[in-house]
Every structure is written in C-alpha cells, then in structure tokens.
Amino acid sequence: MTAHSDANTLIVGAQGRSTAVTLTGDSLLVQRNADKRWPRVESNAYHVLWAELKGGLFNLSFLARRSAESPLALVHVSGNVRIDALERTASFATRLMDKAYAGLKRHKKLKVLVNPKSGPGNGIAHYNERIEPVFHAARCIVDSTFTSYGGHAQELMRELDLDQYDAIVVVSGDGSIHEVINGFAEHRDPEQAFRIPIAPVPSGSGNGLSLNILGVQDGYDVYAGALNAIKGRPMHIDLMSVTQNGQRSFSFMSQTVGLFADLDLGTEWMRCLGSQRFVLGYIFGILRKTRCPVQLSLKVVESDKRKMAQDLNTYRASAKAQYAQHSPISPSAQAPTPWTATSGYASTIGGTTVNSTTPLEPKRPSPVSELDADGWVTFTKPLSYVYAGKGPYVSKDLMQFPVSIPDDGLIDVVAQELTTRKAMIDAMEGSEHGDQYWMDTQHYFRAAAYRIEPYKASGCFSVDGEGYPFASFEVECHRGMATVLSPYGYYQAEFYLPEDAPRK
Ligand SMILES: Nc1ncnc2c1ncn2[C@@H]1O[C@H](COP(=O)(O)OP(=O)(O)OP(=O)(O)O)[C@@H](O)[C@H]1O
C-alpha cells in the first residue's frame with residue numbers, strides 16, 4: 001500500500017488487511033491491499049452515500065467505476081479503528097459527509113414506484129438487488145410499491161400525501177413517468193404535487209427521461225438513477241397538455257404521429273428486445289414508406305436551425321454556471337426567446353425574421369402557409385411523421401430534439417417530409433447525436449402550440465410512448481410546470497453547430 005497517514009488519509013482495519021481512504025478536495029481514493037481484484041478505487045464526494053464511525057467500526061459506502069467507461073458499482077468499505085484513532089476517524093467521517101451532502105438533505109424520504117412489467121421485465125430484480133441497497137446505504141426512508149396494473153401509478157399519485165416525501169422515484173420506463181405526471185395533474189393540489197421532484201431509474205425500453213437527465217453513459221445505469229434520487233437537485237421542466245375530444249392529459253416527453261408512432265406502438269410484441277425494437281420498427285416503417293395522413297398547424301416562435309443551436313449553447317453555459325453555485329434552477333432566469341400569450345411572438349421562418357403582425361417573406365420556399373389571423377401556420381408538404389416534444393433523447397439511438405431547452409415554454413416540433421427510402425436510411429447514421437436535425441427535409445420548429453388533424457380514420461398516435469386515439473388534438477406548453485431531479489441542471493446531451501462539432 002502506497003498511502004501514508006497524513007491529514008487527508010485515514011487507515012482502518014487490521015495490519016495486512018488495512019484500507020486507506022484519502023479525501024483530497026472532492027476526490028476520494030480507497031486503497032485496499034487485501035482486495036486483489038479492485039485494490040485501488042477512485043471516486044468523489046458526490047458518489048459517497050454514507051460514512052460513519054459506529055461502535056469502533058468505520059463504514060463507508062460509495063459508488064465508483066472501474067474505468068472511465070465502466071458502469072457504476074456499489075462499494076462498501078469497513079474496518080476496525082484503534083482506540084487512539086477514534087476521534088480522528090470521527091472527524092474524518094464528518095468531513096467526508098459534509099462534502100458528500102453539501103447543500104443536500106440527508107435521510108431523504110422517497111416514494112418508490114417499481115413497474116415489474118417495464119422493458120424486458122427486470123424492474124423487481126433491479127430494485128431488490130441494486131437500487132434498494134443504494135437507498136439503504138444512504139440511510140433513506142423508503143416507501144416502495146410494485147405497481148400491479150397499468151394505471152396504478154397514476155392512482156397512487158392522484159391521492160399522494162404531499163407532506164410525506166422528498167421525491168418520487170420511478171423504477172420503470174417513460175410510460176410510468178407519464179402516469180405519475182397525470183396523477184399529479186389530477187391531485188386536489190396539483191401545483192404542490194408538481195413541486196415534488198421526480199427521479200427516473202431506468203428499467204424500461206426507451207428510458208427517454210433518464211437519458212436526458214443522466215446522459216447516454218449513465219442513462220441506462222440504475223445506480224446512476226438511484227444516486228440522482230439521493231443527490232440530484234430540482235430542475236423545472238415544461239409539460240405539454242394534449243387536448244383531444246374535450247379531454248386533457250399531460251405529456252412530459254413526446255407526441256408523435258406517422259412513422260414513429262407506428263414503430264413505437266406496433267412493436268410492443270418485441271418488448272423483450274429492449275430499445276432494439278425501435279430500430280427494427282423504423283426499418284419496417286421506411287420500407288412501407290407510408291404518408292402520414294394528417295394536417296399540422298403550429299404557432300411558430302422559431303425555425304432557424306442555427307439560431308436554435310446557438311440558443312441551446314447560450315442556455316447551457318448559463319445553466320452550468322448557475323448550478324455550479326448550487327442555486328436551484330429557476331424557470332424564468334435562463335430560457336431565450338420567452339413567449340407569453342400577451343406579447344405575440346417573433347420568429348424566423350425560412351431564414352426571415354417575422355412577427356405576428358408582419359407577413360412572411362421567406363428567402364427559401366417556405367414549408368408553411370402564411371399566418372392566419374390568430375397567428376397559426378399550416379405545414380404544406382407531404383409528411384412522413386410529426387414528432388413533437390421536450391428533451392433531446394427519445395431513446396438511446398435517437399436524439400430527436402437536440403436543441404430542446406427544459407423550461408423555455410416552447411415545444412420542439414419536427415415535421416419530416418416524405419422523402420426517399422435512401423434518405424431515411426441515411427438519417428439513421430448519427431441519429432444518436434442528432435445529425436438528422438440538419439437534413440433539409442427535416443423541418444424543426446419551436447412552437448408555443450400545435451394542432452394535428454387527421455384526414456384518414458386509421459393511424460397511430462403515441463404520447464410519451466403510450467397509445468392514444470388517432471383523432472384531432474391540440475398541444476400547448478406549460479412552462480416549468482413539473483420538477484425532476486438532475487445531477488447537472490440541464491439536459492445531459494451534447495449538440496453542436498456542424499463547424500463546432502468535435503471530430504468523431
Ligand atoms: N403490474 C403491471 N402490469 C401490467 N402493466 C403495468 C404494470 N405496472 C405498470 N404497467 C404499465 O406498463 C406500461 C409500460 O411501462 P414503462 O413505460 O415503464 O415501460 P416501457 O414501455 O418498457 O418503457 P419506455 O416507455 O421507456 O419505452 C405503463 O404504461 C404502465 O401503465
């Protein structure tokens with residue numbers, strides 16, 4: 001063992017089997033000379049779940065990676081402390097805990113919902129074997145429910161006792177998150193319910209929210225999701241309300257008709273394949289090359305792709321700075337081009353800046369009609385699909401909304417023109433990085449609202465991956481309405497202007 005006993009290092013355990021724990025700034029190094037498989041474990045204070053001296057025994061639990069690309073693993077260290085080292089050990093544990101929970105609550109009260117049927121059906125095993133041990137190590141107070149049927153999570157959230165919990169942890173895919181927000185919306189005090197943060201722990205097929213919050217490396221890692229439930233800070237996100245046949249429901253991630261709805265809802269029988277089912281469904285859909293039988297109308301706020309990418313980077317820089325100071329992310333402070341119902345809107349369509357009172361003068365042939373008296377335009381080209389939502393990833397293979405901002409009060413609406421099979425196959429290349437965003441046939445709008453009117457009776461309509469009737473609907477955005485926990489304070493997805501992109 002190379003560690004020596006200085007102010008930053010604690011040595012515990014019997015000689016020959018001792019463990020040295022070194023805390024330098026926020027970095028944690030654990031050296032275990034008796035552990036031949038993983039003798040040197042590097043981590044940091046954020047990943048520390050608990051450290052304490054109890055009955056002459058030092059205990060430390062934390063998450064760590066074997067290498068930069070590895071998933072997280074749960075590590076427990078414990079060792080006897082000599083009587084003459086008790087005081088020093090106690091103060092080391094206190095210092096480590098103060099760093100580990102700087103600005104954060106300890107002993108969080110968590111309501112955990114586990115969907116046993118999500119994705120390949122691993123929810124219960126994930127929970128028992130990996131997630132619950134993390135909450136136990138962090139001394140959280142946990143109240144867990146394994147959902148028994150579709151709609152169960154929504155019922156529970158509708159009746160939730162709001163004073164009882166610090167966060168709602170959802171061990172599932174996006175369908176159960178959809179239920180949680182709709183349960184909150186039906187609560188007798190919805191405003192208060194939506195202030196309780198939601199922490200997704202991925203065990204579904206798409207896990208879009210988890211990917212957006214934790215990033216691609218950690219978005220499928222249940223340890224990272226569990227840690228975020230303990231250590232993440234509240235981040236406000238917009239919700240979208242979908243009104244159809246006089247009924248309103250809420251969506252946190254996406255609404256889609258055409259190719260992507262067909263592949264999402266039409267591949268339920270391939271659930272055991274995890275996210276691979278979406279890739280197969282996409283290929284089947286391209287081969288069929290069906291026109292999406294709807295009319296799309298929008299209240300456009302922005303459609304200049306370069307400007308939207310620049311806005312994203314401005315937003316991220318500001319969110320990073322704000323989060324670094326441990327301040328909660330405020331919905332009003334950072335979003336560019338805020339839209340309010342009373343101010344009208346400024347927008348760029350086809351590269352020309354317009355506002356709600358000036359007629360459109362596009363430089364390129366515009367893909368939309370002229371503004372009507374109420375500020376709506378209609379998309380005029382034949383469609384392959386419409387995909388609208390918030391948050392860059394809808395699954396690990398598809399960054400559908402690369403420039404999305406969590407709380408700008410605007411919906412990102414993608415209208416994909418019907419184009420050649422080759423172009424659609426080519427669009428798969430780099431779609432995990434959002435490269436399809438730059439396709440000329442992919443029209444991308446930031447909209448305050450949009451409307452879909454089918455002109456055929458049959459088709460698929462998916463909201464957050466759940467099937468809805470194929471009938472007219474309208475979507476509005478509700479700024480910063482829900483709260484999630486986040487380790488970063490912004491969607492964890494990199495997206496660049498083509499000239500700024502790092503070489504792959
Ligand atoms: N015990 C249960 N039996 C059957 N269905 C359930 C049960 N518990 C929850 N559900 C339903 O399972 C549906 C799918 O769950 P979920 O979205 O979590 O997984 P997924 O579809 O695999 O993931 P993703 O949405 O990320 O692709 C939800 O709509 C939920 O209503």
Which strands (runs of 3 or more DSSP E) sit wholly inside segment 435-489 and have at least 3 residues that are more than 23 Å from the chain's Cα centre (by Cα), touching a residue at least 12 places away in the same chain (Cβ under 8 Å) and more than 16 Å from the ligand (Cβ to nearest atom)? 442-454
Per the list (1) within 10 Å of the ligand (Cβ to nearest atom); (2) touching a strand residue (DSSP E or B) at 6+ places or on another chain (Cβ under 7 Å); (3) at positive phi, residue check on Arg139 breaks on (1)
Condition check: exposed (fewer than 13 other Cβ atoms within 10 Å of the Cβ) and either over 29 Å from Glu129 (Cβ atoms) or in contact with a Leu (Cβ under 6 Å, 6 or more places away or on another chain) (or both). Does Ile83 satisfy that? yes
Take the conditions in contact with a Gly (Cβ under 9 Å, 6 or more places away or on another chain) and within 16 Å of the ligand (Cβ to nearest atom) and apply them to Phe250. Does it pass? no
Filtering segment 43-56 down to residues that are in a strand (DSSP E or B) and either surrounded by 16 or more Cβ atoms within 10 Å (Cβ to Cβ) or not assigned by TED's automatic domain parsing to the domain that holds Val21 (or both) yields Ser43, Asn44, Val48, Leu49, Trp50, Ala51, Glu52, Leu53
When you go through (1) in a helix (DSSP H, G or I); (2) away from the ligand (no atom under 11 Å from the Cβ) one by one for Leu162, which number turns out not to apply? (1)
In segment 490-504, what residues are within 17 Å of Ser431 (Cβ to Cβ), over 13 Å from the mean Cα position of the chain (by Cα) and not hydrophobic (A, V, I, L, M, F, W, C)? Glu494, Tyr496, Pro498, Lys504
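What helices (runs of 4 or more DSSP H) lie completely within segment 187-248 and have 1 or more residues being free of Cβ contacts under 8 Å to residues at least 60 places away in the same chain?
Numbers: elements: 190-193, 208-218, 222-231.
Per the criteria, 190-193, 208-218.
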Give just the number: which of (1) under 30 Å from Glu52 (Cβ atoms); (2) buried (at least 17 other Cβ atoms within 10 Å of the Cβ) does Asp163 not satisfy? (2)
Six or more apart or on different chains, Cβ atoms under 6 Å: show the pairs whose first residue is in segment 91-102 and in the same structural domain as Leu227 (by TED's automatic domain parsing) and whose second is part of a helix (DSSP H, G or I) and of a type outside the set (Gly, Ala, Ser). none
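Inspect all residues belonging to segment 288-304 and state whether any of them is outside any loop (DSSP other than H, G, I, E, B), within 26 Å of Gly489 (Cβ to Cβ) and modelled with pLDDT of 80 or more.
Step one: of segment 288-304, the residues outside any loop (DSSP other than H, G, I, E, B) are 288, 294-302.
Next cut, within 26 Å of Gly489 (Cβ to Cβ) only: 301-302.
This time we only want the ones that are modelled with pLDDT of 80 or more, so: 301-302.
Taking every residue of segment 288-304 in turn, at least one turns out to be outside any loop (DSSP other than H, G, I, E, B), within 26 Å of Gly489 (Cβ to Cβ) and modelled with pLDDT of 80 or more.
Mind checking which residues of segment 60-73 are surrounded by fewer than 17 Cβ atoms within 10 Å (Cβ to Cβ) and part of a strand (DSSP E or B)?
We begin by selecting, within segment 60-73, every residue surrounded by fewer than 17 Cβ atoms within 10 Å (Cβ to Cβ); these are 66-71, 73.
Within segment 60-73, just Ala73 meets the criteria.
Kindly establish whether Asp426 is more than 24 Å from Leu287 (Cβ to Cβ) and either of a type in the set (D, E, K, R) or away from the ligand (no atom under 16 Å from the Cβ) (or both). Step through it out loud before you land on a result.
Details: more than 24 Å from Leu287 (Cβ to Cβ): no; either of a type in the set (D, E, K, R) or away from the ligand (no atom under 16 Å from the Cβ) (or both): yes.
So Asp426 does not fit the description; no.
What is the residue count in segment 166-177 for residues that are in a helix (DSSP H, G or I) and buried (at least 24 other Cβ atoms within 10 Å of the Cβ)?
First pass over segment 166-177, keeping only residues in a helix (DSSP H, G or I): 174-177.
Keeping just the survivors that are buried (at least 24 other Cβ atoms within 10 Å of the Cβ) gives 174, 176-177.
Within segment 166-177, residues that are in a helix (DSSP H, G or I) and buried (at least 24 other Cβ atoms within 10 Å of the Cβ) number 3.
Identify all residues within segment 109-127 that are more than 16 Å from the ligand (Cβ to nearest atom) and either surrounded by fewer than 20 Cβ atoms within 10 Å (Cβ to Cβ) or within 18 Å of Asp174 (Cβ to Cβ) (or both); write none if there are none.
Taking segment 109-127 as the starting set, the residues that turn out to be more than 16 Å from the ligand (Cβ to nearest atom) are 109-110.
The answer is Lys109, and nothing else.
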With (1) away from the ligand (no atom under 14 Å from the Cβ); (2) among the acidic types (Asp, Glu); (3) touching a strand residue (DSSP E or B) at 6+ places or on another chain (Cβ under 9 Å) as the list, and Asp174 as the residue in question, which single condition is left unmet? (1)
Those residues of segment 433-470 which are in contact with a strand residue (DSSP E or B) (Cβ under 6 Å, 6 or more places away or on another chain) and surrounded by fewer than 16 Cβ atoms within 10 Å (Cβ to Cβ) amount to Glu453
List the residue pairs whose Cβ atoms are under 7 Å apart, where the first residue sits in segment 146-161 and is under 17 Å from Arg195 (Cβ atoms), the second is surrounded by 15 or more Cβ atoms within 10 Å (Cβ to Cβ) and charged (D, E, K, R), and the two are 6 or more positions apart or on different chains. Arg158/Glu186
Tally time: how many residues in segment 177-229 are small (Gly, Ala, Ser), away from the ligand (no atom under 13 Å from the Cβ) and in contact with a helix residue (DSSP H, G or I) (Cβ under 7 Å, 6 or more places away or on another chain)? 4
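The values are calculated or read from the model by the stated rules, or taken from the named source; none is laboratory data. Owing to the predicted nature of the structure, the values given are computational and were not obtained by experimental measurement. Cβ: placed from backbone, ideal geometry, glycine included. Neighbour counts: every protein chain shown.
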